[in-house]
1. Looking at (1) under 24 Å from Asn100 (Cα atoms); (2) open to solvent by 20 Å² or more (accessible area, probe 1.4 Å); (3) touching a residue at least 60 places away in the same chain (Cβ under 8 Å), can you tell me which one Met19 breaks?
2. What number of residues in the stretch 93-102 are part of a loop (DSSP other than H, G, I, E, B) and near ligand 2 (Cβ under 7 Å from one of its atoms)?
3. Is the stretch 58-73 home to any residue that is surrounded by 14 or more Cβ atoms within 10 Å (Cβ to Cβ), under 20 Å from the mean Cα position of the chain (by Cα), among the charged types (D, E, K, R) and within 16 Å of ligand 1 (Cβ to nearest atom)?
4. Taking the conditions exactly as written (away from ligand 1 (no atom under 16 Å from the Cβ), closer than 23 Å to Ile333 by Cα and either modelled with pLDDT of 95 or more or open to solvent by less than 20 Å² (accessible area, probe 1.4 Å) (or both)), does Tyr93 satisfy them or not?
5. Quick test of your reading of the structure: Ala289 fulfils all but one of (1) in contact with a Gly (Cβ under 9 Å, 6 or more places away or on another chain); (2) not assigned by TED's automatic domain parsing to the domain that holds His150. Name the failing condition by number.
6. Do you know which of the residues in the stretch 174-209 that are small (Gly, Ala, Ser), surrounded by fewer than 21 Cβ atoms within 10 Å (Cβ to Cβ) and touching a residue at least 60 places away in the same chain (Cβ under 8 Å) is nearest to Gly249 (Cα to Cα)?
7. Six or more apart or on different chains, Cβ atoms under 9 Å: show the pairs whose first residue is in the stretch 80-101 and at negative phi and whose second is among the aromatic types (Phe, Trp, Tyr) and near ligand 2 (Cβ under 10 Å from one of its atoms).
8. With respect to Ile124, determine if the residue is crowded, with 22+ Cβ neighbours inside 10 Å, in contact with a strand residue (DSSP E or B) (Cβ under 9 Å, 6 or more places away or on another chain) and either in the same structural domain as Arg30 (by TED's automatic domain parsing) or among the acidic types (Asp, Glu) (or both).
Amino acid sequence: MKAIVYTEPNAVAVLERDMPALAPGEALLRIDASGICGSDLHAYHGHDPRRKPGLVLGHEFAGTVVASSDESRLAVGQRVTANPLVTCGHCDYCLQGRENLCANRGMVGMSRPGALSEYLAIPIRCAIPIPDALASVSAALAEPAATALHAVNLTMRALARPLPEARVLVIGGGAIGMLAAALVRSYGCGEVQVAETNALRRASVTRHLGCDAVDPLAGPLPESAFDVVIDAVGAGATRKLAIAAARPGGVVMHIGLQDWASEIDMRKLTLAELTLLGTYTYTMADLRATVAALERGSFGTLEWVETRALSDGPAAFADLAAGRVAAGKVVLIPETV
Ligand SMILES: [Zn+2]
Ligand SMILES: [Zn+2]
């Protein structure tokens, strides 16, 4: 089978790989659609010590079951997406339903072969059936959409007033920023702004989300003006921007993690009673809720998602790395589909 393999910094290649073996408790999927994540690009640049050369990348996918070790739990022919986090299932975090914090977790496209491939083996307990009305390309967005949903959930718990009353700033018009902005709008937020430095992506935000898109480099954003600031980039400059833009009593949600060394304005955080939150991935419950929300259209039409053939993967990585792609998400479709 063909797979997109990270070969060395700034290079991926379409290589021939053995078909995955069917292990007990697992199912074998033919991949129908598989997204390229910002973290795959991070690996591509050689910036992720956990993703080493030789690894098949990708962890955002939809597929069709072609073999199952337990047909009573997951039948051949069923379309599924899946939780790429493979957790232990018995530590305190897993038992509390906070399995994204499990210390013994593995991950598809990191500790296991990834989904930018023609076939993939996954544990049956990680699989989530795709409703008939939901296209596979949309279902492949469940993973980043669940990251946005989990973050918005945590934000809502920290807010003093209901979310629809909030003025929201989303920093970053990549997939997570787009999905978070679409979700808060579907929850009833009227005032949602997206800050994005790439002009192609600003145009995509305005066109597909109907949100106000601003270039944070063109002029200063209003200070202390937003009840909620979602940093979907996670760099020193965006963290500074997020704290500055948050209104007293506001919530700053940190989703992206481009780098982590930062000086935080602790004076403002303290005097303005800001809540600064971190978030990591999602739980199985978030993923199931996300698949339902995708079917309902809570993340919008997803027309901004670009699809390409799996064999175009290396070109897609190069285009994404060079900022030549307007879409916040590129989804690859294997030629076997
Ligand atoms: Zn991802
Ligand atoms: Zn665990």
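1. (1)
2. Looking only at that region, the number is 1.
3. Yes.
4. Answer is no for this residue.
5. (1)
6. The extreme case among them is Ser186.
7. Final answer for the pair search is Thr87/Tyr93; Glu99/Tyr93; Asn100/Tyr93; Leu101/Tyr93.
8. Answer is no for this residue.
The values are calculated or read from the model by the stated rules, or taken from the named source; none is laboratory data. What you see is a predicted model, and the numbers here were worked out from it, not measured in a lab. Note: ideal-geometry Cβ built from the backbone for every residue, glycine included; neighbour counts use all protein chains shown. In case anyone asks, the SASA skips ligands and DNA or RNA and just uses the protein heavy atoms, side chains included. Shrake-Rupley method; radii C 1.70, N 1.55, O 1.52, S 1.80 Å.
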